[in-house]
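Inspection log for the structure reproduced underneath, given as structure tokens.
The values are calculated or read from the model by the stated rules, or taken from the named source; none is laboratory data. Only a predicted model underlies this, so the values are computations on that prediction, with no experimental measurement involved. Because the Cβ atoms are built from the backbone with ideal geometry, glycine has one as well, and the counts that use them run over all protein chains shown.
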Amino acid sequence: MLKKFWIISLLWGAVTAQVLGAGTALAAGSLAVTPVEYREVAQTYSADGLVEATRQSTVSAQIGGRVKEILFDVGDRVSKGQVILRIDEREAAQALAGSQAQVLQAQANLNNAKAAYERARQLFAQKFISQAALDKAQADYKVALAQAAASEAGAGQASLAHGYTAVIAPYSGLVAARLVEVGEMVMPGKPLMTGFDSAEMRVLVSVPQDKLAEIGAHMNPHPNLPPEGEGTIAPSPFVGGLRRGVEAKVEIPSLKRWIDAASVTVLPVADARTHSTQVRVDLPKNEAGIYPGMFVRVHFVVGKANKLVIPASAVLHRSEVVAVYVVGENGAMKLRQVRLGETLAEGLVEVLAGLSPGEKVALEPVKAGMSGAKQK
């Protein structure tokens, strides 16, 4: 530990000496600065989570056959109703043709049986045939009628199966995975492609039960039941699980972005092992650069407080040294070590020590360090 302390001290001394030596240099051009100030910011409870698509599904084969053509690959955008894959339709086409031929045969038999039944009725009215002969003609007609209906149903099923040779996109989105190759034999139920709707994303996080009240998500086990003895539905803070009044912001560290949540849904089921509850945070539609599986951090607003803040972009990180460039009295940039608190929304970070309100820091610390510019 002592050795590590001396290494950090030597590193800090070298960096400070180099910067202080350049701090008196005159500026070739002005650098953007911002004041250190108190602001009313949100106090939050944070929970890590992953992005998932609201609509994500795997399309499977509904008939057997050989994959004939694949029209889309991973990353391609597909519109609803487009054909994404074709299965060899020759077998299905032959089955359809056979079913249609059976329909024609059954229709001919039906016409013949109907004509025979009509003749039998006329002959029976003239007392040329018995009641038994009339009953047989009527039965033959009903059998032919049922056979015609069965053959038409079979033809409809064959036509439907033939339509399954063209795999259709159920909704617009992106292809996430392709699970087959051209020429591969597939059977009903075989997964073909996985896709998701990139327009609608959400985040799933686990919140401890003792934090639900803090973030404003008071669970009501019977939100739509009327009070005992009354016949009207009681007002509820939930509408289909949607919690009114829960404010949350989603931080995406990889993109350095903050997004206001569109809505928050508290699932009314707790995990008995972890004693936590799943909370779904819906993102605004059509947010660019977001895809399923991304790591994010959800900040639930639990209150407001005045804190000394600076933009996170003004902070310089070098090993274990955290510092900012401060504008000195003579306009020169000087490196100063600071101690920071939590990261806040809108790209701000809390300052715990090292800066005073009213001081100005450089927004581009790397550029400030390279130029040693004097502010004008």
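When we screen A177, A166, A158 for residues that are among the hydrophobic types (A, V, I, L, M, F, W, C), in contact with a Gly (Cβ under 9 Å, 6 or more places away or on another chain) and under 21 Å from E69 (Cβ atoms), the only hit is A177.
One residue stands out in region 65-102 among those that are surrounded by fewer than 16 Cβ atoms within 10 Å (Cβ to Cβ) and of a type in the set (G, A, S): the one that is farthest from V298 (Cα to Cα), namely A101. Against the list (1) over 30 Å from Q209 (Cβ atoms); (2) crowded, with 16+ Cβ neighbours inside 10 Å, the condition Y291 fails is (2). For residues that are touching a Leu at 6+ places or on another chain (Cβ under 9 Å) and in a strand (DSSP E or B), scanning just region 54-64, find the one that is surrounded by the most Cβ atoms within 10 Å (Cβ to Cβ). Top of the filtered list is V59. Taken over region 272-292, the criterion of being over 23 Å from F196 (Cα atoms), not aliphatic (A, V, I, L, M) and not in a strand (DSSP E or B) is satisfied by R273, T274, H275. Here A139, A149, A132, A177 are screened, and the one residue that is small (G, A, S), at pLDDT 90 or above, touching a Ser or Thr at 6+ places or on another chain (Cβ under 8 Å) and surrounded by fewer than 14 Cβ atoms within 10 Å (Cβ to Cβ) is A177. If you go through region 335-347 and pick out every residue that is part of a strand (DSSP E or B) and modelled with pLDDT under 85, you end up with 2.
Please pick out the residue among V74, V67 that is within 44 Å of the chain's Cα centre (by Cα) and in a strand (DSSP E or B).
That would be V67, the only listed residue that is within 44 Å of the chain's Cα centre (by Cα) and in a strand (DSSP E or B).
Here is the figure for region 238-271: residues that are on the phi < 0 side of the Ramachandran plot, of a type outside the set (A, V, I, L, M) and either in a strand (DSSP E or B) or modelled with pLDDT under 85 (or both) total 13. Against the test of being within 28 Å of S254 (Cβ to Cβ) and either in contact with a Cys (Cβ under 6 Å, 6 or more places away or on another chain) or at pLDDT 90 or above (or both), the options V41, V59, V51 yield a single qualifying residue, V51.
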